[in-house]
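Below is one structure; the comments refer to it alone.
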Amino acid sequence: MLAAVADNGSVRVVERDVPEGDGELIRITSSGICGSDLHLLAAGVSGVVMGHEFGGTTETGRLVAVRPTGQCGVCTECGRGLGHLCRDAGRALLGISRDGGLAEFARVDPSRLVEMPAGVGPSQVALVEPLAVVVHGVERVRPEPGSRALVVGAGSIGLLCGAVLRDRKVEVDIVARHPHQREAAERLGLVPTGTPTSTSHSLYDSAFDAVCSQQSFDACVAGLRPRGFLLEFGMFWTPVTMSNALLMKEVTLLPSIFYSHDHANEDFVGAADLLARQPGIASVVVTHRLALDEAAEAVRCADDRAAGAIKVHVFP
């Protein structure tokens, strides 16, 4: 089979054996390029098949999305229903710690498979993972219908965050840097806005930082009303300093990583249901579609926001 393998800062498409062993064999139908993939490639990760946003069909023909994180099932966090915070969540992460889905096939533990409802197609299934990231973050805040939210950053996570908030009847302004991001935001029913500063009026009940930089963090704090909620998606790739503005407003700061998957809440199911109800989200957010043998070009496109990329999908 063909597979896209990290190789000292770049991606090479190589021939690999179809994976054997435990788990279900998935014929991959779509796979996404994530911003974290770009950071890891820049850090020099090598040898692993890339791709943690993917899905496909089982040998019995079921269309599934793949949750790339693992869990041990026996530690304290797993016992608390917080399997996404288990130490194995990252150590067994497909596409980063273990071979992922930027390939024709992957073998996946059945516990990581989420069957898709009618309305989610094989070409859309890779969008479920980043959408689950957003569902998890929004669930941490649980903004009230009719409240006002600010999203800073209009890449795929920021736009998907806006779509989830709009689905929950929240009014959403979004800070978008590029014209194509502003156009996409408007197509999703969001309102592009300027970056709040320390002199701005505090308008928002909640703020969602989809960039995780000093500038985006400060913009979120500046835009919040006193006792507002600030949600940080994902990873700080450079350190961020908190200021007294956070304290003077008594802002509640909430980090968010991965996705819940317990009996009370399954973020992948929520993401799939939203995508089934609103399939137009995929047509807005997925801007580039390439073949697997063009994986290196897909990575280049994903790393060039100014050229119009939001989410890049690869199809075996």
task = Could you please tell me which pairs satisfy a Cβ distance under 7 Å, a separation of 6+ or placement on different chains, a first residue in the range 63-79 that is loosely packed, with under 15 Cβ neighbours inside 10 Å, and a second residue that is at pLDDT 90 or above and in a strand (DSSP E or B)?
result = none
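Restricting attention to the range 51-62, which residues are in contact (Cβ under 8 Å) with a residue 24 or more places away in the chain and among the small types (Gly, Ala, Ser)?
Gly51, Gly55, Gly56
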remark   = Of those in the range 237-269 that are within 19 Å of the chain's Cα centre (by Cα) and of a type in the set (A, V, I, L, M), the residue surrounded by the fewest Cβ atoms within 10 Å (Cβ to Cβ) is Leu254
message = If a residue counts only when it is over 30 Å from Gly79 (Cβ atoms) and either free of Cβ contacts under 8 Å to residues at least 24 places away in the same chain or in contact with a helix residue (DSSP H, G or I) (Cβ under 7 Å, 6 or more places away or on another chain) (or both), which helices (runs of 4 or more DSSP H) contained entirely in the range 197-316 have at least 2 such residues?
response = 214-223, 244-248, 280-285, 295-302
task = Could you check how many residues of the range 31-47 are surrounded by 16 or more Cβ atoms within 10 Å (Cβ to Cβ) and touching an Asp or Glu at 6+ places or on another chain (Cβ under 6 Å)?
result = 2
inquiry  = Cβ-Cβ distance below 8 Å, separation of 6 or more or different chains: which pairs start in the range 126-153 with a residue that is assigned by TED's automatic domain parsing to the domain that holds Val221 and at positive phi and end on one that is part of a helix (DSSP H, G or I) and surrounded by fewer than 24 Cβ atoms within 10 Å (Cβ to Cβ)?
reply    = Gly153/Ser216
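The values are calculated or read from the model by the stated rules, or taken from the named source; none is laboratory data. This one's a predicted model, so the numbers in the text were calculated from it and none came from an experiment. When we count neighbours, we look across all protein chains shown, and the Cβ atoms used for this are built from the backbone with ideal geometry, even at glycine.
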